[in-house]
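Reviewing the structure listed below.
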Amino acid sequence: MRATGPEGPLAAIARRLARAEASVCLTGAGVSAESGIPTFRDAATGLWSRFDPEQLASVDGFRNNPNLVWRWYRERVQAVQDARPNPGHIALARLARSLEGFTTVTQNVDDLHERAGSADVVHLHGRLTAYRCLECGTPVQLDLAQRLAAEPPVCAACAGLIRPGVVWFGELLDANLWEQAYAACQQADVMLVVGTSGLVWPAAELPLLARRAGAHVVEVNPEDTELTGWADTCVRGRSGEILPLLADQVERIVS
Ligand code: BJW
Ligand code: ZN
C-alpha cells in the first residue's frame, strides 16, 4: 500500500481504469461533505455528535422516540434539498460516462450522485426520498411538505407510523442491491473507495471482496480508515479535489 499526495498515483490509476473491463466505486458520507452534508462520525460536526447512533438509526430507536428520529431525518431532508452536487459527485458521473462497465455503489441516502448525472446508482443503505410503513411495510410516497412535517404520518392501510426507507442498524440490506454490489466487486479490475470510514458492515466488506477477486483497490480519503490496510493505493485528499483530476486524466486517455 502506498500513501501519497494526489499527483503521483493519479496517472497510474487513470491508466488502470482506462484499460479495465469493469470498475466499481464505493462512496460514503465523505463524498457529500463538500456539499455541506455532515458526515456521520466527525466528532464536532458529524450527524451523530449529539446523539447515540443506535438511538436514532434503529427500529427500537424509532419506536422509543419516533418524533425525535423523524425530526433528525427531517433536518437531513432539508439539508439535502438545499445542497448541490460537488465536483466529486460530478467527476464520478464523468467517469461513469467515460468508462465501460463502471458501477457506482453508495452508502449515502442522499440523491447527489443522481443529481450530478450518475445513473443506476446502487443505494445500499436506501434513500431519503423513500418511505414505508413501519408495521406493514407498504411503500408510501410523501411530498416535500409531508417529509418536512414535525411528526411522522400514519399508514392509510394499518395506521402504523411511516418511517424513512433507509437501512438502520440490525436490519438486512436489500438482497438485490447487495447482489448487484457484490457482483460489481467480483468483476471489477479497479475499485475506488471514496469518503467512507469503513466502519459499517457489510458495506465495509466490499473492498475486501474486490481485492480477493483481483481488483486493484484505491482509497480516496483525507484520513486513514479501517480500509486503508486493504488498499493497494491511497490518495490522501478531498474527493472534490482528487476525483476531478482523475476524471481529467481518464478522459485524456480514452478520448
Ligand atoms: C472525506 C471528506 C472529503 C470527510 N472527501 N472523504 C460488530 C462487528 C461487525 C458488524 C457489526 C458489529 N456489531 C453490529 C454489527 C452490524 C452493523 C455494523 O456494521 N455496526 C458497526 C458500527 C460495528 N451493521 C448492520 O447492522 C447492518 N446490517 C446487518 O449487518 O444486518 C445483519 C444483522 C442483522 C441483525 C443483527 C445484526 C446484524 C446495517 C447497517 C446500516 C447502516 N446504516 C447507516 C444509517 C443509514 C440511514 C441514515 O443515513 O440515516 O448508514 S449507519 C451510517 O454509517 C450510514 C452510513 O451509510 C454508514 C457508513 O458511514 P460512512 O459513509 O462511512 O460515513 P463516516 O462518517 O463514518 O465516514 C466519513 C468518511 O469520509 C471519513 O473516513 C472521513 O475521513 C471522510 N471524509 N471529508 C473524502 N471531503
Ligand atoms: Zn401499514
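The values are calculated or read from the model by the stated rules, or taken from the named source; none is laboratory data. Source: prediction; values computed, not measured. No Cβ is skipped: glycine too gets one built from the backbone with ideal geometry, and neighbour counts run over all protein chains shown. Surface areas here come from the heavy atoms of the whole protein model, side chains and all, with no ligands, DNA or RNA. Shrake-Rupley method; radii C 1.70, N 1.55, O 1.52, S 1.80 Å.
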| said: So in segment 91-122, with the set limited to residues that are on the phi < 0 side of the Ramachandran plot and of a type in the set (D, E, K, R), which one is least open to solvent (accessible area, probe 1.4 Å)? | reply: ASP110
| Here is a list of conditions, (1) open to solvent by less than 20 Å² (accessible area, probe 1.4 Å); (2) free of Cβ contacts under 8 Å to residues at least 60 places away in the same chain, and SER58 meets all of them except one; can you say which number that is? | (2)
| request: Keeping to segment 87-130, report how many residues are within 13 Å of ligand 1 (Cβ to nearest atom), among the polar types (S, T, N, Q) and touching a residue at least 60 places away in the same chain (Cβ under 8 Å). | output: 3
| said: Let me confirm something: among GLU34, GLU75, GLU135, GLU100, which residue is over 25 Å from PRO202 (Cβ atoms) and within 16 Å of ligand 2 (Cβ to nearest atom)? | reply: GLU135
| query | Of the residues VAL250, VAL254, which is of a type outside the set (D, E, K, R), buried (at least 17 other Cβ atoms within 10 Å of the Cβ) and either over 17 Å from ALA20 (Cβ atoms) or more than 16 Å from ligand 2 (Cβ to nearest atom) (or both)? | reply | VAL250
| query | What tally of residues in segment 123-156 results from selecting those that are within 14 Å of VAL80 (Cβ to Cβ), surrounded by 20 or more Cβ atoms within 10 Å (Cβ to Cβ) and of a type in the set (A, V, I, L, M)? | reply | 1
